[in-house]
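> This is the structure I want to talk about, given as structure tokens.
The values are calculated or read from the model by the stated rules, or taken from the named source; none is laboratory data. Given the structure is predicted, the values throughout are model-derived calculations rather than measurements. Reconstructed Cβ throughout: ideal geometry from the backbone, glycine too, with neighbour counts over all protein chains shown.
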Amino acid sequence: MLDKINHTPRGLVIELSVKTEEAVNLILSKLLGIKPEESRSFGNSSQALSFNAKANLLLDLNQLDKLQREKFQIFMEIRNKFAHLNSVDTFEKCFALMGNYQRLKKIFEVDEDGESIEKDMELMFCILSIDITSIIGTIRENVTKNMAVKYTQRKFFEAIKENREEYKKHNPLDVNAIDNFIKFIKNILTEEIDRKIKNNTPPHI
């Protein structure tokens, strides 16, 4: 498949990086509750955050495990070498500077070499890019699920607040049970808030 595509190593890296950056934009926008098209940080203006800044923000939000963080960091480093160093125009030159090609082979359990080291390295980058895409897809699914759960919880408590008095009026024998349950829920939420304040965790996460 790669042989049918007319590209340079730099062109391939930049193209896949742009697609990855777009996906990261969508995830960060969801996490932060903003619309990317209306955001200075994630929009298309000159004020937008760099790819590195966005990727590091994703790392800081603890959305990745240790191995995923390493993959992301290697991907970013490859992208930066091709994007900022004119002398880096092949994967061989890129990995010669980075010194982590063998680490990538170990991560993806690649034991054999092909006839061309350059083609092998190009393929390894493509495998890394596909893996990053899969990781982003999983994060996006988790974020969506978590947001749905939190929305449901919020609606549940709003419904309790709005209908509590009406229920008490029609079910006077259950008044103490209702109040005790609400007190129990409030304690759980208070503990969660205190924990997030202590750990400097954003309240919506």
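> If C94 passes every condition in (1) surrounded by 15 or more Cβ atoms within 10 Å (Cβ to Cβ); (2) within 24 Å of the chain's Cα centre (by Cα) but one, which one does it miss?
Exception for C94: condition (2).
> Pairs needed: first member in the range 101-122, assigned to a helix (DSSP H, G or I); second member anywhere, modelled with pLDDT under 95 and surrounded by fewer than 13 Cβ atoms within 10 Å (Cβ to Cβ); C-beta distance under 6 Å; at least 6 residues apart or different chains.
As it stands, the answer is D120/D113; D120/G114, since those pairs meet every condition given.
> Among the listed residues I130, I205, I193, I117, which satisfies the condition of being modelled with pLDDT of 70 or more, within 24 Å of the chain's Cα centre (by Cα) and surrounded by 10 or more Cβ atoms within 10 Å (Cβ to Cβ)?
Numbers: I205 fails: modelled with pLDDT of 70 or more; I193 fails: modelled with pLDDT of 70 or more; I117 fails: within 24 Å of the chain's Cα centre (by Cα).
Going through I130, I205, I193, I117 in turn, the sole match is I130.
> Looking at the range 77-88, which of its residues are surrounded by fewer than 19 Cβ atoms within 10 Å (Cβ to Cβ) and part of a helix (DSSP H, G or I)? Outline the logic, then answer.
Narrowing the range 77-88 to residues surrounded by fewer than 19 Cβ atoms within 10 Å (Cβ to Cβ): 77, 80, 83-87.
Passing the criteria: E77, N80, A83, H84.
> Within the bounds of the range 74-85, is there any residue that is closer than 30 Å to L26 by Cβ, small (G, A, S), assigned by TED's automatic domain parsing to the domain that holds I14 and modelled with pLDDT under 85?
As a first pass, look at the range 74-85 and keep what is closer than 30 Å to L26 by Cβ: 74-85.
This time we only want the ones that are small (G, A, S), so: 83.
If we keep only those that are assigned by TED's automatic domain parsing to the domain that holds I14 too, we end up with 83.
Of the ones still in play, those that are also modelled with pLDDT under 85 are none.
No.
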